Amino acid sequence: GLTWELKDTLPARKRVYYGKLLKGHPLLVALDLFPAFYALVRGRQRARDYRVEYQAGRLSHPARRIMDAMISEHPQYTRELRANVFMLEPAKTRGFERAMAELQRGLWLVKSEERYEPTFSYRWDLLEAWLPEEVAQGRRLSRETAVARVIERYTRGAVFTTERALVRLFGLASDEVARAVMTLRRTNAMRTDCAVEGWPGRWLIHA
């Protein structure tokens with residue numbers, strides 16, 4: 001279908017970012033918005049900071065081994081990468097997939113290609129090598145600005161929402177969302193305390 005075609009072709013052409021970004025679910029993100037997501041997830045970190053995360057207990061041992069291999073050589077196809085981290089055995093497939101999902105959620109790695117010939121395989125790269133400009137922009141963004149950008153873009157498409165829904169959807173702190181909403185209201189990007197016909201309660205609406 002069209003969805004599958006888009007998620008295969010657009011990321012390969014670097015038209016969008018595609019990865020397990022939102023609560024572990026795959027997501028297509030426009031590249032002009034991607035720096036805001038990077039700022040929320042990684043702040044000012046670069047690829048080499050994975051060891052800091054590992055030492056702090058925020059990165060698993062399999063994920064650290066994969067990052068060791070990717071820092072040494074990138075990009076890599078799945079089988080090559082699994083061989084380099086000694087996880088080729090079928091019994092280690094689930095552990096490898098968990099670690100790769102962890103590294104995608106953390107915006108360390110990105111799937112840069114789906115190869116169908118001679119055999120099907122994914123190609124993986126360091127995110128900052130694949131999208132260097134977007135990562136550099138994200139590292140310069142303040143967290144407050146990033147929260148406001150993500151919420152503004154979401155409400156532009158969703159039309160109406162609530163602070164509570166935004167907190168749940170993006171995993172943000174309620175005070176962060178409240179500050180972003182105040183900023184967006186002040187800049188006339190959002191209206192608050194609105195009624196929506198047919199829907200109970202009060203809503204945030206994109207202006």
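The values are calculated or read from the model by the stated rules, or taken from the named source; none is laboratory data. Just so it is clear, the model here is predicted, and its values are computed rather than measured. Reconstructed Cβ throughout: ideal geometry from the backbone, glycine too, with neighbour counts over all protein chains shown.
Screening the stretch 154-189 for residues that are basic (Lys, Arg) and touching a strand residue (DSSP E or B) at 6+ places or on another chain (Cβ under 9 Å) and picking the one that is farthest from residue 28 (Cα to Cα) gives 185.
Residues in the stretch 115-128 that are more than 11 Å from the chain's Cα centre (by Cα) and surrounded by 15 or more Cβ atoms within 10 Å (Cβ to Cβ): 121, 122, 123, 124, 125, 126, 128. Residues being touching a residue at least 12 places away in the same chain (Cβ under 8 Å), part of a helix (DSSP H, G or I), among the acidic types (Asp, Glu) and under 30 Å from residue 64 (Cβ atoms) are entirely absent from the stretch 107-120. Taking the conditions (1) touching a strand residue (DSSP E or B) at 6+ places or on another chain (Cβ under 8 Å); (2) crowded, with 18+ Cβ neighbours inside 10 Å in turn, residue 84 satisfies each one other than (2).
Mind checking which residues of the stretch 87-101 are surrounded by fewer than 19 Cβ atoms within 10 Å (Cβ to Cβ) and either in contact with a strand residue (DSSP E or B) (Cβ under 9 Å, 6 or more places away or on another chain) or polar (S, T, N, Q) (or both)? Result: 93, 101.
Rundown of residues vs (1) modelled with pLDDT of 95 or more; (2) part of a helix (DSSP H, G or I); (3) touching a Cys at 6+ places or on another chain (Cβ under 8 Å); (4) farther than 17 Å from residue 35 by Cα, yes/no style:
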position: 138; (1), (2), (3), (4): yes, yes, no, no
position: 144; (1), (2), (3), (4): yes, yes, no, no
position: 149; (1), (2), (3), (4): yes, yes, no, no
position: 154; (1), (2), (3), (4): yes, yes, no, no
position: 157; (1), (2), (3), (4): no, yes, no, yes
position: 165; (1), (2), (3), (4): yes, yes, no, yes
position: 184; (1), (2), (3), (4): yes, yes, no, yes
position: 191; (1), (2), (3), (4): yes, no, no, yes
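The residue that is nearest to the chain's Cα centre (by Cα), counting only those in the stretch 41-81 that are surrounded by 15 or more Cβ atoms within 10 Å (Cβ to Cβ) and among the polar types (S, T, N, Q), is 45. Here the condition is being part of a helix (DSSP H, G or I), out of contact with any Ser or Thr (no Cβ under 9 Å at 6 or more places or on another chain) and either without any contact (Cβ under 8 Å) to a residue 12 or more places away in the chain or over 20 Å from residue 191 (Cβ atoms) (or both); of 99, 83, it holds for 83 alone. Residues in the stretch 1-40 that are surrounded by 14 or more Cβ atoms within 10 Å (Cβ to Cβ) and either in a loop (DSSP other than H, G, I, E, B) or modelled with pLDDT of 95 or more (or both): 31, 33, 34, 35, 36, 37, 38, 39, 40.
Residues considered: 177, 159, 147. Of these, the only one that is without any contact (Cβ under 8 Å) to a residue 40 or more places away in the chain, farther than 26 Å from residue 100 by Cβ and either surrounded by fewer than 19 Cβ atoms within 10 Å (Cβ to Cβ) or not assigned by TED's automatic domain parsing to the domain that holds residue 9 (or both) is 177.
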